Amino acid sequence: MAKFRYRMQSILNIKYQLETQAKMEVGRAQMRLNEEQEKLQVLFDRKEAYIEEGRQMRRETVHANELRDNRNAVLVMDELIAVQKSEVRKAEEVVERARAKLTEIMQERKMHEKLKEKALLQFLEEEKAAEFKVVDELTSYTYGQRGKIEKQI
C-alpha cells in the first residue's frame, strides 16, 4: 500500500505556526490590557485615598491651603484616570484585533485540515479501488489458468 502524502502539508504547517504566533500575540495584548487595568485601579485607589484625606481634613481644623491642595490632587487624579481609561480602551482594541486575527487564522487552518481529510479519504478510496482491481485480476488469471488446465486434461 502506498503512503499518503498531503501535497499542501507545508501550507498546513505554516498555518499551525501562524496560529501559534497569533495566540502569543493575543496573550501579549491581554497582558498589556491587564497592566493598564491595574494602573487604572491604582489611580482609582489613590483618588479614593485623597477623597478620604479631604474628609478627614474637613473634620479637623486645617488650613485652606491644605484643602485646596487636596482638591487639586483629586482633580489631577480625575485627569490621570481619564487618560488611563483611554489607554485601557486602546489596549482592549488591540486585544480584540488580535483575537479577530487569531479567529481568522484558526478558520483557515481548519479549512486546510478538512481539505487534508478529504484528500486522505480520496486516497483511501483510490487504494481500495486499486486493491479491488488487483484482486479481480488475480481471480480472473486464476480462473483462466484453471480453464486452460481443464482443457488440457
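The values are calculated or read from the model by the stated rules, or taken from the named source; none is laboratory data. All figures in this text were calculated on a predicted structure; none of them were measured in a lab. Cβ: placed from backbone, ideal geometry, glycine included. Neighbour counts: every protein chain shown.
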*For residues that are without any contact (Cβ under 8 Å) to a residue 24 or more places away in the chain and in a helix (DSSP H, G or I), scanning just the stretch 1-27, find the one that is surrounded by the fewest Cβ atoms within 10 Å (Cβ to Cβ).*
Ser10
_Here is a check on your reading of the model: is Ala73 surrounded by 13 or more Cβ atoms within 10 Å (Cβ to Cβ), modelled with pLDDT under 95 and in a helix (DSSP H, G or I)?_
yes
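Among the residues of the stretch 83-92, are any assigned to a helix (DSSP H, G or I) and within 30 Å of Ala2 (Cβ to Cβ)?
no
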*Check Glu117, Glu137, Glu150, Glu113 and return the single one that is modelled with pLDDT of 95 or more and either touching a helix residue (DSSP H, G or I) at 6+ places or on another chain (Cβ under 8 Å) or surrounded by fewer than 11 Cβ atoms within 10 Å (Cβ to Cβ) (or both).*
Glu113
*Find all pairs meeting these conditions: Cβ atoms under 6 angstrom apart; at least six residues apart or on different chains; first residue within the stretch 42-71 and more than 22 Å from Lys85 (Cβ to Cβ); second residue surrounded by fewer than 11 Cβ atoms within 10 Å (Cβ to Cβ).*
none
